[in-house]
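These notes are about the structure you will find just below.
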Amino acid sequence: QVQLVESGGGLVQAGGSLRLSCAASESILSINSMGWYRQAPGKQRELVATSTRTTYGRTYADFVRGRFTIYRDNTKNTLYLQMNSLKPEDTAVYYCAADRGNGMRYWGEGTLVTVSS
């Protein structure tokens, strides 16, 4: 079992920045891929960005490309999401996810990001 703990959410004005952190309970080198999802009020959970262990590839949803950056610190077993130029529509609970590549998916409890207009 992989435990994931998100932090870094909060209240920010439109145009501001936040950095989210996801601390994993084991080496993230053993995790095939990790990513960030978000769920806004009244909407389904959607993928924001991913980071793959094998290729160190990164993917981004169209609505965050150019504004958000996903990256890892392997020494701290932590995944980050740097969010710049935040918009009110970015308001959501952000969830960290980990995939071992064996069909097992793990989730954190989420951290709330609120962007005021």
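The values are calculated or read from the model by the stated rules, or taken from the named source; none is laboratory data. Only a predicted model underlies this, so the values are computations on that prediction, with no experimental measurement involved. Neighbour counts are summed over all protein chains in view; Cβ atoms, including those assigned to glycine, are modelled from backbone coordinates with ideal geometry. Please note that ligands, DNA and RNA were not included when accessible areas were found on the heavy atoms of the full protein model with its side chains. Shrake-Rupley method; radii C 1.70, N 1.55, O 1.52, S 1.80 Å.
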- Query: among the acidic types (Asp, Glu), crowded, with 18+ Cβ neighbours inside 10 Å and under 14 Å from the mean Cα position of the chain (by Cα), is that true of Glu6?
  - Reply: yes
- Query: Gly10 fails exactly one of the following numbered conditions: (1) touching a Ser or Thr at 6+ places or on another chain (Cβ under 7 Å); (2) closer than 25 Å to Pro88 by Cβ. What is the number of that condition?
  - Reply: (1)
- Query: How about region 38-78: which of its residues are among the small types (Gly, Ala, Ser) and in contact (Cβ under 8 Å) with a residue 40 or more places away in the chain?
  - Reply: Ala40
- Message: Condition (residue is open to solvent by less than 70 Å² (accessible area, probe 1.4 Å) and more than 20 Å from Gln1 (Cβ to Cβ)) applied to region 98-110: is it met by at least one residue?
- Response: no
- Task: Return the residue satisfying two criteria in turn: it lies in region 9-18 and is assigned to a loop (DSSP other than H, G, I, E, B) and either without any contact (Cβ under 8 Å) to a residue 60 or more places away in the chain or over 16 Å from the mean Cα position of the chain (by Cα) (or both), and of such residues it is nearest to Asn74 (Cα to Cα).
- Result: Gly16
- Message: Could you go through region 73-93 and let me know if any residue there is modelled with pLDDT under 95, in contact with a strand residue (DSSP E or B) (Cβ under 8 Å, 6 or more places away or on another chain) and assigned to a strand (DSSP E or B).
- Response: yes
- Item | Members of region 76-95 that are open to solvent by less than 10 Å² (accessible area, probe 1.4 Å) and closer than 14 Å to Leu47 by Cα | Leu81, Asp90, Ala92, Tyr94
- Residue by residue through region 94-117, note down the ones that are assigned to a loop (DSSP other than H, G, I, E, B) and among the hydrophobic types (A, V, I, L, M, F, W, C). Met104
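Yes or no, residue by residue, for (1) surrounded by 20 or more Cβ atoms within 10 Å (Cβ to Cβ); (2) out of contact with any Asp or Glu (no Cβ under 8 Å at 6 or more places or on another chain); (3) assigned to a strand (DSSP E or B); (4) of a type outside the set (A, V, I, L, M, F, W, C):
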residue: Leu20; (1), (2), (3), (4): yes, no, yes, no
residue: Leu29; (1), (2), (3), (4): no, yes, no, no
residue: Met34; (1), (2), (3), (4): yes, no, yes, no
residue: Pro41; (1), (2), (3), (4): no, yes, no, yes
residue: Ile70; (1), (2), (3), (4): yes, yes, yes, no
